[in-house]
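Dumping the structure here so I can ask a few things about it.
The values are calculated or read from the model by the stated rules, or taken from the named source; none is laboratory data. This one's a predicted model, so the numbers in the text were calculated from it and none came from an experiment. Cβ atoms come from the backbone with ideal geometry, glycine included; neighbour counts cover every protein chain shown. To get the accessible areas, we keep the full protein, side chains included, count just its heavy atoms, and leave off ligands, DNA and RNA. Shrake-Rupley method; radii C 1.70, N 1.55, O 1.52, S 1.80 Å.
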Amino acid sequence: MTERLYYDNAYLTDFDAQVLACVPREGCFDVLLDRSAFYPTSGGQPFDTGTLDSARVTDVNVQNGEVWHTVTEALPVGATVHGRIDWARRFDHMQQHAGDHMIAGALHRLMGGVTIGLHISADVSTIDVAMPEGVTRISEEDVRRIETDVNDHIQRNVPIRCWFPPAEELAALPLRKQPTVTEHVRIVAIGDDEMVACGGTHPASAGELGLVKILSVTPARGKMRVAFLAGQRALGDYFRCSDAAHAAAGLLSTGVENLPVGVDTLQQRLRTAEYELSRLRRELLLSQAPEMHAAADTLPDGTRLIARFVQADAALLRDLTSALIAQPGTIALMGTLSGEQALYVFGRSADLTLDMGKLLRDCARPLGGKGGGRPDFAQGGGCAAILEAAKEMVVKG
């Protein structure tokens with residue numbers, strides 16, 4: 001088996017090793033070394049990247065206890081190569097993984113939650129937690145309580161210890177949950193109240209995390225999913241949020257502490273303005289109904305045909321159509337455009353017999369649209385060409 005150097009020293013970034021195998025695969029090469037400091041994907045923690053001599057390491061995985069490195073160049077079997085770890089990526093993963101342990105430990109101690117999975121992506125880390133009684137959400141107060149507990153441990157810079165205890169010691173340890181393996185069990189302890197089996201890389205003390213921030217707590221497949229950031233990721237999030245908050249406060253000519261009140265006031269004004277604008281648009285469009293009726297096409301039997309697009313929402317389009325067909329002998333084929341799609345309302349006055357539902361269906365379906373309704377009033381949607389097709393069908397009779 002490959003000697004895994006990161007177990008003894010997570011801070012090791014340079015090492016020498018002998019190439020035991022080099023297997024070509026799909027334009028790259030899988031390399032086996034006698035020893036390696038590269039962490040392979042496992043336990044929710046992604047693999048390390050870096051170089052082996054001049055070859056870039058693009059993936060690291062475990063097969064039958066052996067650590068295989070996917071590299072961009074062939075390496076001679078038997079040769080000694082120099083490995084170098086991408087430290088920024090490694091340390092980021094160390095911070096995220098330790099943050100996972102500390103959040104999981106706090107959830108277990110304070111709320112009885114049992115963590116069942118970790119995922120560290122390129123931007124956000126998540127843990128899935130089985131909570132008592134199937135709870136999938138917790139209050140903002142509880143989220144703040146967990147964050148405070150974790151960051152208190154960080155501020156106190158509690159030690160983080162990783163080791164392989166003998167069987168007798170392992171049996172007596174107060175683990176948060178039972179290990180999933182029975183041999184070569186590695187334990188990670190953070191302070192005096194978090195201890196669990198884990199093979200990942202971690203800092204030597206909690207202070208190296210700097211900060212942990214919980215972003216969200218949401219339901220996920222019957223469990224509770226906690227999204228969080230640790231270390232530089234959390235600091236970067238603070239910078240972004242702080243910059244955005246100060247910029248927004250500047251636009252509202254207020255302080256950051258008054259931003260919620262300022263935004264609420266702005267929203268109320270916006271709602272009032274939108275309501276007033278909607279009212280005025282409605283009055284204007286409905287006031288144009290007599291003009292539209294006067295400009296309508298006259299069919300051979302004397303029926304007035306109004307077919308046009310207007311700017312309106314669905315409710316206003318229905319009201320306009322109703323106003324138009326209040327006049328006897330009127331067919332109104334009305335539409336409103338949104339990009340390349342249109343919403344349609346077709347109506348006819350009570351003294352006519354043309355089936356509006358059938359007309360809309362017959363014109364919309366061949367053009368990929370849909371619609372239907374009563375014989376006197378129908379609604380649907382589709383492309384802009386439906387209106388012309390319907391108008392042509394009415395004219396032809």
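Please count how many residues of region 9-44 are within 22 Å of Trp163 (Cα to Cα), open to solvent by 40 Å² or more (accessible area, probe 1.4 Å) and at pLDDT below 95.
Residues that pass the stated criteria total 2.
Is it the case, given these coordinates, that Val129 is hydrophobic (A, V, I, L, M, F, W, C), at pLDDT 95 or above and open to solvent by less than 40 Å² (accessible area, probe 1.4 Å)?
Yes.
Quickly run through region 212-232 and pick out the residues that are buried (at least 20 other Cβ atoms within 10 Å of the Cβ) and either free of Cβ contacts under 8 Å to residues at least 24 places away in the same chain or not aliphatic (A, V, I, L, M) (or both).
Lys223, Phe228, Gly231
Given the conditions (1) in a loop (DSSP other than H, G, I, E, B); (2) free of Cβ contacts under 8 Å to residues at least 24 places away in the same chain; (3) open to solvent by 50 Å² or more (accessible area, probe 1.4 Å), and given that Phe47 satisfies all but one, which numbered condition is not satisfied?
Of the numbered conditions (1) in a loop (DSSP other than H, G, I, E, B); (2) free of Cβ contacts under 8 Å to residues at least 24 places away in the same chain; (3) open to solvent by 50 Å² or more (accessible area, probe 1.4 Å), the odd one out for Phe47 is (3).
What residue, among those in region 120-161 that are outside any helix (DSSP H, G or I) and of a type in the set (Gly, Ala, Ser), is farthest from Thr41 (Cα to Cα)?
Here the residue is Ser139.
Say whether the condition of being surrounded by 11 or more Cβ atoms within 10 Å (Cβ to Cβ) and of a type in the set (A, V, I, L, M) is met by at least one residue in region 269-280.
Within region 269-280, none of the residues are surrounded by 11 or more Cβ atoms within 10 Å (Cβ to Cβ) and of a type in the set (A, V, I, L, M).
Only one of (1) of a type in the set (S, T, N, Q); (2) closer than 11 Å to Phe377 by Cα; (3) open to solvent by 40 Å² or more (accessible area, probe 1.4 Å) fails for Gln327. Which number is that?
Condition (2) is where Gln327 drops out.
Of (1) of a type in the set (S, T, N, Q); (2) at pLDDT below 95; (3) within 27 Å of Val143 (Cβ to Cβ), Gln178 satisfies all except one. Which?
Result: Gln178 passes all but (3).
Just to confirm my filter: which strands (runs of 3 or more DSSP E) fall fully inside region 179-222 and include at least 1 residues that are more than 30 Å from the chain's Cα centre (by Cα)?
187-190, 194-197
Here is a further query. Of all residues in region 77-119, how many are within 25 Å of Arg35 (Cβ to Cβ) and part of a loop (DSSP other than H, G, I, E, B)?
The number of residues fulfilling the criteria is 4.
Conditions tested, residue by residue: (1) over 23 Å from the mean Cα position of the chain (by Cα); (2) surrounded by fewer than 14 Cβ atoms within 10 Å (Cβ to Cβ); (3) touching a residue at least 24 places away in the same chain (Cβ under 8 Å).
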site	(1), (2), (3)
Val62	yes, no, no
Thr72	yes, no, yes
Ala79	yes, yes, yes
Arg84	yes, no, yes
Asp92	no, no, yes
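Looking only at region 370-393, which residues are in contact with a Lys or Arg (Cβ under 9 Å, 6 or more places away or on another chain), open to solvent by less than 30 Å² (accessible area, probe 1.4 Å) and either modelled with pLDDT of 95 or more or more than 21 Å from Ala326 (Cα to Cα) (or both)?
Gly371, Ala378, Gly380, Gly381, Gly382, Leu387
How many residues are over 43 Å from the mean Cα position of the chain (by Cα), surrounded by 13 or more Cβ atoms within 10 Å (Cβ to Cβ) and more than 19 Å from Gly372 (Cβ to Cβ) if we restrict to region 336-359?
Counting residues in region 336-359 that are over 43 Å from the mean Cα position of the chain (by Cα), surrounded by 13 or more Cβ atoms within 10 Å (Cβ to Cβ) and more than 19 Å from Gly372 (Cβ to Cβ) gives 1.
Shifting gears a bit: Considering only region 171-205, state which residues are open to solvent by 20 Å² or more (accessible area, probe 1.4 Å) and of a type in the set (Asp, Glu).
Listed by number, the residues that qualify are Glu183, Asp192, Asp193.
So, one more: Right, Ala10: assigned to a strand (DSSP E or B), closer than 30 Å to Ala189 by Cβ, touching a residue at least 40 places away in the same chain (Cβ under 8 Å) and not charged (D, E, K, R) or not?
no
Also: Could you list, in sequence order, the residues of region 312-324 that are small (Gly, Ala, Ser) and either open to solvent by 70 Å² or more (accessible area, probe 1.4 Å) or over 16 Å from Ala350 (Cβ atoms) (or both)?
Ala312, Ala314, Ala315
Right, another one. Answer yes or no as to whether Ser253 is exposed (fewer than 11 other Cβ atoms within 10 Å of the Cβ) and either outside any helix (DSSP H, G or I) or touching a strand residue (DSSP E or B) at 6+ places or on another chain (Cβ under 8 Å) (or both).
So Ser253 fits the description; yes.
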